[in-house]
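One structure is given below, encoded as structure tokens.
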Amino acid sequence: MTNNIVVKQDAKIADLIKMVKSYSKNADADMVQLAYDFAEKAHTGQLRKSGVPYIIHPLTTAHILAQMEIEPSIIVAALLHDVPEDTEITLEEIEKNFGKDVANMVRGITKLGKLKYRGIERYIENLRKMFIAMAEDIRVMIIKFADRIHNLSTLSALPEKKRYRVALESLEIYAPIANRLGMGEFKGLLEDLAFPYIFPKDYEKVKLIRESVITEKSAFLEKVISTIKHELKAFDIPTISISGREKQLYSLYEKLMRKNWEVTNVYDIVAGRIIVPDLGDCYAALGIIHKLWRPLKGRIKDYIAQPKPNGYQSLHTTVFAGEGKIIEFQIRTKKMHEEAEYGIAAHWHYDEKGHKLPSRDIKWAQELAGMQKEILNNIKDLEEIKVDFFKNRIFAFTPKGDVIDLPEGATPVDFAYHIHTDIGNKCNGAKINDQLVSLDTIIKGGDVIEIITDKNRKGPSPDWLKFVKTHMAKVHIKATLDKSRLAWFKNIIKKPPNR
Ligand code: MN
């Protein structure tokens, strides 16, 4: 599926079952119905703040997930997700009726729900719990995102103060995590639903800007698209779909702020999106577009050869498409598209024949979660985690081709500590792309880093604390230094730190 997810407030269980059956031929539809009946009975008499029966909430949550054509067991868990927290029914009963796997997912969501603290502590507690959930079972996070999306879509029913808190949490915690997991569609929904509650005036302003650009460019884009269709056909380049896409509001807001609200400098408010069967077709289509129109300098981006850190792959180009109009195009295969929209969730996604897609490796996400857990256990400075987790990330490579994921501005010392504490502690020099560099050199995306270690090295240099960027490196350097102050002093005496 390539349509956007819609939060349908009046979805029916029959719709849900029909959807699940349509993408999963072997789905146990009875199980979905059973879960619905079970949850409905458990929530009997409970109402949402908006006045509708409570069951509407888990049903809509499941409906959001079904639009991603996700594995039926996740749908079942979504239907049951609030049962243990809000009713008398226990997790044991859920396990007895729906099995261990479903019960474990529900347990994970229940654990995420209970937050003790307020303010900054709540923020950290929230993050820590989510990283634990991610490390244990990413499906829990996927359900949690859908749950949050439905809650945001009905936020107006809550008291004002609570509205703000839920929206802010979504914007500051949920959306960045969805983004890091490559879940573009969820990230966009979380942000756009929270946006009006956090920055109401800016929200209205951005909406107006987007509408005016859509009005200005839509007809023109249609024309451009039909030209491309014709040309691709003439050159026998197969396509799955060519359509216009509108930029999500909050992401447009962020871009406008970066560009000092110079709307004319934002080219992708509306863009053309071309989805093709194979990798080679992407480059062929790009060639056709460049044959038709002159590209803007520096605006051709090959995220296929060099994916974004969250796994996003696509070709982007911006062209002078005639009549003085500038249009951006995004070209990708169907698989890339699904991964861009669903990210990690594509792992539990079905294709239209009802087969599970070959899953991409989710180990990276679990490793990331594990790493963040460790960091959060040592957390003192909130700004530091924000840098580590939310700042733009880059990919760097070991000489063997393993990918190391780092925040922008990271140095070879950060890289070394991310491979292993010992590599960091014994780090004595570094090569970037075969060139010897100083340890404070800033790594760029795609760099190949070779760490030169010295097994006789006593430990890290305190000087490294002046330039390392990641919390992990800081924690390890400080810990090692503290561990043996004496060795540290000896180290300084032997080897002056200003190298
Ligand atoms: Mn819920």
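Okay, here's what the table says:
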quantity: One residue from Val6, Val106, Val52 being hydrophobic (A, V, I, L, M, F, W, C), open to solvent by 10 Å² or more (accessible area, probe 1.4 Å) and within 16 Å of the ligand (Cβ to nearest atom); calculated: Val52
quantity: Index of the failed condition, Lys161 passing every other in (1) in contact (Cβ under 8 Å) with a residue 40 or more places away in the chain; (2) away from the ligand (no atom under 16 Å from the Cβ); (3) of a type outside the set (S, T, N, Q); calculated: (1)
quantity: Flag if Ile142 is at pLDDT 95 or above, surrounded by 16 or more Cβ atoms within 10 Å (Cβ to Cβ) and within 18 Å of the chain's Cα centre (by Cα); calculated: no
quantity: Filter pass, Val263 being in contact with a strand residue (DSSP E or B) (Cβ under 9 Å, 6 or more places away or on another chain), in contact (Cβ under 8 Å) with a residue 12 or more places away in the chain and outside the structural domain of Glu185 (by TED's automatic domain parsing); calculated: no
quantity: Search result, residues across the range 52-75 that are in contact with a Leu (Cβ under 7 Å, 6 or more places away or on another chain), more than 14 Å from Asp15 (Cα to Cα) and of a type in the set (A, V, I, L, M, F, W, C); calculated: Ile74
quantity: Only listed residue being open to solvent by 60 Å² or more (accessible area, probe 1.4 Å) and either within 24 Å of the chain's Cα centre (by Cα) or of a type in the set (A, V, I, L, M, F, W, C) (or both), chosen from Lys297, Lys301, Lys291, Lys247; calculated: Lys301
quantity: Residue list for the range 160-175, restricted to those being of a type in the set (Ser, Thr, Tyr) and open to solvent by 60 Å² or more (accessible area, probe 1.4 Å); calculated: Tyr164
quantity: Subset of the range 233-255 [farther than 18 Å from Asn4 by Cβ and in contact with a strand residue (DSSP E or B) (Cβ under 8 Å, 6 or more places away or on another chain)]; calculated: Ile237, Pro238, Thr239
quantity: Output for the range 58-92, where each listed residue is away from the ligand (no atom under 12 Å from the Cβ), not in a loop (DSSP other than H, G, I, E, B) and not acidic (Asp, Glu); calculated: His63, Leu65, Ala66, Ile70, Pro72, Ser73, Ile74, Ile75, Val76, Leu91
quantity: Given (1) open to solvent by less than 60 Å² (accessible area, probe 1.4 Å); (2) assigned to a helix (DSSP H, G or I); (3) not polar (S, T, N, Q), index of the condition Gly429 fails; calculated: (2)
quantity: Number of positions in the range 123-144 that are within 14 Å of Gly113 (Cβ to Cβ) and within 16 Å of the ligand (Cβ to nearest atom); calculated: 8
quantity: Residues that are at pLDDT below 90 and open to solvent by less than 10 Å² (accessible area, probe 1.4 Å), drawn from the range 176-213; calculated: Ile177, Ala178, Leu181, Gly182, Met183
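The values are calculated or read from the model by the stated rules, or taken from the named source; none is laboratory data. What you see is a predicted model, and the numbers here were worked out from it, not measured in a lab. Cβ sites come from the backbone with ideal geometry, for glycine too, and all protein chains shown count toward neighbours. The accessibility values were calculated without ligands, DNA or RNA, using every heavy atom of the protein model including side chains. Shrake-Rupley method; radii C 1.70, N 1.55, O 1.52, S 1.80 Å.
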